[in-house]
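This report refers to the structure that appears directly beneath it.
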Amino acid sequence: MYHGVGGHYCPADVFESQMKYIKDNFRVISLKQALEMSSDSNGRFRSEVVLTFDDGLRNNYTIAYPILSRYGLPATFFVCPGLIESQQWQWPHEVEQRLLSCNKHDLAIFCNNHGLSGRVPGGDHDCGAAKNIIAYMKTITTRDRQKMEQSLRSLTPGFKPNGRQNDLFSLMNWDELGALPPDLITIGSHTVSHPILTNVTPEEMRFEIRESRQWLERRLKRPVEFFCYPNGDYDESILDVVAENYRAAVTTRPGFFNQGDDVYQINRIPAPDRLPLFAWRMFRP
């Protein structure tokens, strides 16, 4: 399971070393092939690996895809068509970078306005504060979270992403997404706009799940059969709707995918930013 590639999350040279390691030691297959093997009573997993990338970040296109192509490694990119259409960052990225642009005084104002005083560490450009605030925002309803986002935008009207931030957080556009070859890159749904599905109404949850597939298929003219739960959060009602609309779904729960597992709760192994730890997790996820 990857998200961004490049920068400190997973530097390009580290990512390439991981792909070379994978190529040399495992058999990389598509998510579709893995599902076919899992349903074959005579099949058996041995050294197969499936590569997945969440969020549809542009660096998946500019950095990850050329390396995947060079090594001939198939992968699945899970994307949000509503965010691609608006070219809007995912909300945790925007919130984090705006919070990091705040000085101590403005950060205190924001925390006071939203009842967070004393619940997060303070300080100029405090990464701990930003992460704790985002963690809190993931626990509230989408409407309340959006109110906090708007409050933060009002507090940081001069915020403009720099080149490094755009490299890390900007999304692919439709032309870039459409240019990915279907024989190598599978496109999956990550909802329309990446809300945490357990924090929205049942009607919003159904729209985010169903419309994202329809929107992607209309724009890309290719099947979209697989789903990824934003933030890894879901419940039985969400599972039911996903099962009505997709062939399978992946979680953020660490572990292997074994034959007989629920194909709507597929485990994944988070990819770290160091090759030795990456190699260890391939055997001890």
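The values are calculated or read from the model by the stated rules, or taken from the named source; none is laboratory data. Since the structure is predicted, the reported quantities are computational estimates derived from the model, not experimental observations. Neighbour counts run over all protein chains shown; Cβ positions are idealised from the backbone, glycine included. Surface accessibility is based on the protein's heavy atoms, side chains included, excluding ligands, DNA and RNA. Shrake-Rupley method; radii C 1.70, N 1.55, O 1.52, S 1.80 Å.
Observations on the structure shown:
- Neighbours by Cβ (under 7 Å, 6+ apart or cross-chain): first from the stretch 148-159, among the small types (Gly, Ala, Ser); second open to solvent by less than 30 Å² (accessible area, probe 1.4 Å): Ser151/Phe110
- Verdict on Pro181 being open to solvent by 30 Å² or more (accessible area, probe 1.4 Å), modelled with pLDDT of 95 or more and out of contact with any strand residue (DSSP E or B) (no Cβ under 8 Å at 6 or more places or on another chain): yes
- The residue that is least open to solvent (accessible area, probe 1.4 Å), among those in the stretch 43-77 that are part of a loop (DSSP other than H, G, I, E, B) and basic (Lys, Arg), is Arg44.
- Number of the exception - Arg213 against (1) without any contact (Cβ under 8 Å) to a residue 60 or more places away in the chain; (2) part of a helix (DSSP H, G or I); (3) open to solvent by less than 30 Å² (accessible area, probe 1.4 Å); (4) under 17 Å from Thr76 (Cβ atoms): (3)
- Any hit, the stretch 55-71, residues being over 19 Å from Glu176 (Cα atoms) and either modelled with pLDDT of 95 or more or out of contact with any strand residue (DSSP E or B) (no Cβ under 6 Å at 6 or more places or on another chain) (or both): yes
- Extreme residue, surrounded by the most Cβ atoms within 10 Å (Cβ to Cβ), among residues of the stretch 5-19 that are touching a residue at least 40 places away in the same chain (Cβ under 8 Å) and over 16 Å from Arg58 (Cα atoms): Gln18
Per-residue answers, yes or no, for (1) open to solvent by less than 20 Å² (accessible area, probe 1.4 Å); (2) out of contact with any Cys (no Cβ under 8 Å at 6 or more places or on another chain); (3) touching a residue at least 60 places away in the same chain (Cβ under 8 Å):
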site: Met172; (1), (2), (3): yes, yes, yes
site: Ile185; (1), (2), (3): yes, yes, yes
site: Val192; (1), (2), (3): yes, no, yes
site: Glu204; (1), (2), (3): no, yes, yes
site: Phe207; (1), (2), (3): no, yes, no
site: Asn245; (1), (2), (3): no, yes, no
site: Phe257; (1), (2), (3): no, yes, yes
site: Arg268; (1), (2), (3): yes, yes, yes
site: Leu277; (1), (2), (3): no, yes, no
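- Residue count for the stretch 112-134, restricted to those that are farther than 14 Å from Thr156 by Cβ, among the hydrophobic types (A, V, I, L, M, F, W, C) and modelled with pLDDT of 90 or more: 1
- Of all residues in the stretch 180-210, those satisfying the criterion of being under 16 Å from the mean Cα position of the chain (by Cα), hydrophobic (A, V, I, L, M, F, W, C) and in a loop (DSSP other than H, G, I, E, B) are Val192, Ile196.
- Sole residue being without any contact (Cβ under 8 Å) to a residue 40 or more places away in the chain, farther than 22 Å from Ser189 by Cα and in contact with a Ser or Thr (Cβ under 6 Å, 6 or more places away or on another chain), chosen from Arg70, Arg27, Arg46: Arg27
- Residues (surrounded by fewer than 17 Cβ atoms within 10 Å (Cβ to Cβ) and within 16 Å of the chain's Cα centre (by Cα)) located in the stretch 219-240: Asn231, Gly232, Asp233
- Put simply, of Pro272, Pro254, Pro276 the only residue that is under 15 Å from the mean Cα position of the chain (by Cα) and over 25 Å from Trp89 (Cα atoms) is Pro254.
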